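The values are calculated or read from the model by the stated rules, or taken from the named source; none is laboratory data. This one's a predicted model, so the numbers in the text were calculated from it and none came from an experiment. We place every Cβ from the backbone using ideal geometry, glycine too, and count neighbours over all the protein chains shown. When the accessible area is computed, the model is the full protein with side chains, heavy atoms only, and any ligands, DNA or RNA have been set aside. Shrake-Rupley method; radii C 1.70, N 1.55, O 1.52, S 1.80 Å.
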Amino acid sequence: MVVRFDGEQSSSDGGSLLLAAVDRRVGLTKSLSDELVDGRRAWRVEHGKLELFRQRVFSIALGYADQNDSSRVADDPLLKLACGRSPSGGLLASQPTLSRFETTRTGRELVALGRAMERFVIARLRKTHRHARRITIDLDSTEDPTHGQQPFAFFNGYYDSWCYLPMLGFLSVDDDPTQHLFHARLRPGTARDARGTPALLRRTVQNLRNAFRKARILVRLDAGFAVPAIFEALDELRVEYVVAMQGNPVLQRAAAEPMRIVRELSEHFDGTLAICRETRYCSSGWRRERRVIFKAEALVYPERALKENLRFVVTNLRLAPRRVWDLYCQRGDVENRIKELHEGLEIDRTSCSSFLANHFRVLETAAAYVLFQELRVRLPKTDLARAQVGMLRERLLKIGAVVKESVRRIVLSFPASYPWKSLWHEAAHSLGALVT
């Protein structure tokens, strides 16, 4: 057996053309890069801002999250093709060029870029869900551990680490289980969940109402958002909401009798039991009373003492308490999307010495995730309809391919033994390819 690295014009990312086709069809990287300012002298520019942005987004999508990785695959013929270059053309940008591209971004550009992505995702949902009845907004923060001297990386006692706290926002439509990432913002490690949230909600609700004039809007938030300013904003916007809230002596007294009954029944039948009830409550910072749903639960474990679990959510919905609680619990799937961003796309690769550059990396990763969402939408009745980024990359993108280029056309030769041909054909056909 002899191994030689002498194959000409070949790539291990043959399926990257699918993501490039998705991007061309929806225009994501073009619309986002339009928000970036290129102050370089045009006659000295070899790599335009669109090409640089595409190189970073596609590299992250293919598993090359680090700039050094991007530089190593700068001669990959299919990555060059995805970025708009000929497979046999010059190299893509080097690591220093990419670093300058990221570190020269201004706060104004990044704000515009983030809002452009919000509008883009809402516009795409408008096309795919024309008759939506309810749009659900889920917001959550996540830990982004830091391991250097990054600016605004502070020690967070809750996570017991030095970190950033990115804020991520997702939209879901009716009973569709898919959560669509529409907002990503890097924040200092000690930022409160409520910081900037009222402005984000006002902007998002207005954009949603412009796109879905007949749809109801539901906002689901965890306990970190349960502050007076958030509730006032929700009331002002006239949206439905379900917001978790930490317990306090007043609420615990209201739930004491149901909790006692549940505990006695659970001990009698030796099994876990839970009931949902409601009460009225007005915090010292609230202007009026609100409906509070609580779940009184007794947890029974073998050879362990019975454990009480008392949870509260504030809502303006008129549904039965159990239905309100079940609706709130559905936001738990957002944690899987956040895990997907961490493990599949390394959104926590924020090791730059500039906070704005790190924020830009978060937005680039979010753009890569939106492309995967668009690809997943085109596989509705397949095994990959709910697949995570890692599986989509493994089965559709990581394919060895030989590239043959002529004056008239470019031919890719995939292995005849490729096990997911039918899935690849279906994805390509949905993007306009003529599959034979």
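Points to keep in mind about this one:
- Filtering region 271-299 to residues that are of a type in the set (Asp, Glu) and part of a loop (DSSP other than H, G, I, E, B) leaves only Glu289.
- Considering residues of region 34-44 that are touching a residue at least 60 places away in the same chain (Cβ under 8 Å) and either open to solvent by 70 Å² or more (accessible area, probe 1.4 Å) or acidic (Asp, Glu) (or both) only, the residue farthest from Thr103 (Cα to Cα): Asp34
- Annotation: of all residues in region 144-171 being in contact (Cβ under 8 Å) with a residue 60 or more places away in the chain and within 30 Å of Leu218 (Cα to Cα), the one that is surrounded by the most Cβ atoms within 10 Å (Cβ to Cβ) is Tyr164.
- Among residues of region 246-276, those that are in contact with a Phe, Trp or Tyr (Cβ under 6 Å, 6 or more places away or on another chain) and open to solvent by 50 Å² or more (accessible area, probe 1.4 Å), counted: 0
- Considering residues of region 360-410 that are part of a loop (DSSP other than H, G, I, E, B), within 17 Å of Lys339 (Cα to Cα) and open to solvent by 20 Å² or more (accessible area, probe 1.4 Å) only, the residue modelled with the highest pLDDT: Gln388
Every residue, every condition in (1) free of Cβ contacts under 8 Å to residues at least 24 places away in the same chain; (2) touching a helix residue (DSSP H, G or I) at 6+ places or on another chain (Cβ under 9 Å); (3) of a type in the set (Phe, Trp, Tyr), yes or no:
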residue	(1), (2), (3)
Ile230	no, yes, no
Ala233	no, yes, no
Val239	no, yes, no
Gly247	no, no, no
Gln252	no, yes, no
Glu257	yes, no, no
Glu264	yes, no, no
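- Within region 91-100, the set of residues being open to solvent by less than 60 Å² (accessible area, probe 1.4 Å) and assigned to a loop (DSSP other than H, G, I, E, B) comprises Leu92, Ala93, Ser94.
- When region 107-119 is filtered for residues that are of a type outside the set (Gly, Ala, Ser) and more than 11 Å from Glu35 (Cα to Cα), the ones remaining, listed by number, are Glu118, Arg119.
- Region 1-33: number of residues that are surrounded by 14 or more Cβ atoms within 10 Å (Cβ to Cβ) and either free of Cβ contacts under 8 Å to residues at least 60 places away in the same chain or charged (D, E, K, R) (or both): 4
- Scanning region 124-156 for residues that are among the small types (Gly, Ala, Ser) and either modelled with pLDDT of 95 or more or in contact with a strand residue (DSSP E or B) (Cβ under 6 Å, 6 or more places away or on another chain) (or both) yields Ala132, Ser141, Ala153.
- Selection over region 289-329 of residues that are open to solvent by less than 50 Å² (accessible area, probe 1.4 Å) and hydroxyl-bearing (Ser, Thr, Tyr) gives a count of 2.
- Restricted to region 179-218, and to residues there that are polar (S, T, N, Q), within 26 Å of Arg376 (Cα to Cα) and crowded, with 20+ Cβ neighbours inside 10 Å, the residue that is modelled with the lowest pLDDT is Gln179.
- Restricting attention to region 77-90, the residues being in contact with a Pro (Cβ under 9 Å, 6 or more places away or on another chain) and either more than 12 Å from Glu405 (Cβ to Cβ) or assigned to a helix (DSSP H, G or I) (or both) number 4.
- Residues of region 3-40 that turn out to be part of a loop (DSSP other than H, G, I, E, B), of a type outside the set (Phe, Trp, Tyr) and over 26 Å from the mean Cα position of the chain (by Cα), as a count: 10
- Scanning region 103-128 for residues that are without any contact (Cβ under 8 Å) to a residue 12 or more places away in the chain and closer than 30 Å to Arg40 by Cα yields Arg108, Val111.
- Residue in region 227-236 that is open to solvent by less than 60 Å² (accessible area, probe 1.4 Å), over 15 Å from Lys295 (Cβ atoms), at pLDDT below 90 and not in a helix (DSSP H, G or I) present: no
- Residues that are hydrophobic (A, V, I, L, M, F, W, C) and farther than 21 Å from Ala123 by Cα, drawn from region 205-226: Leu221, Ala223, Phe225, Ala226
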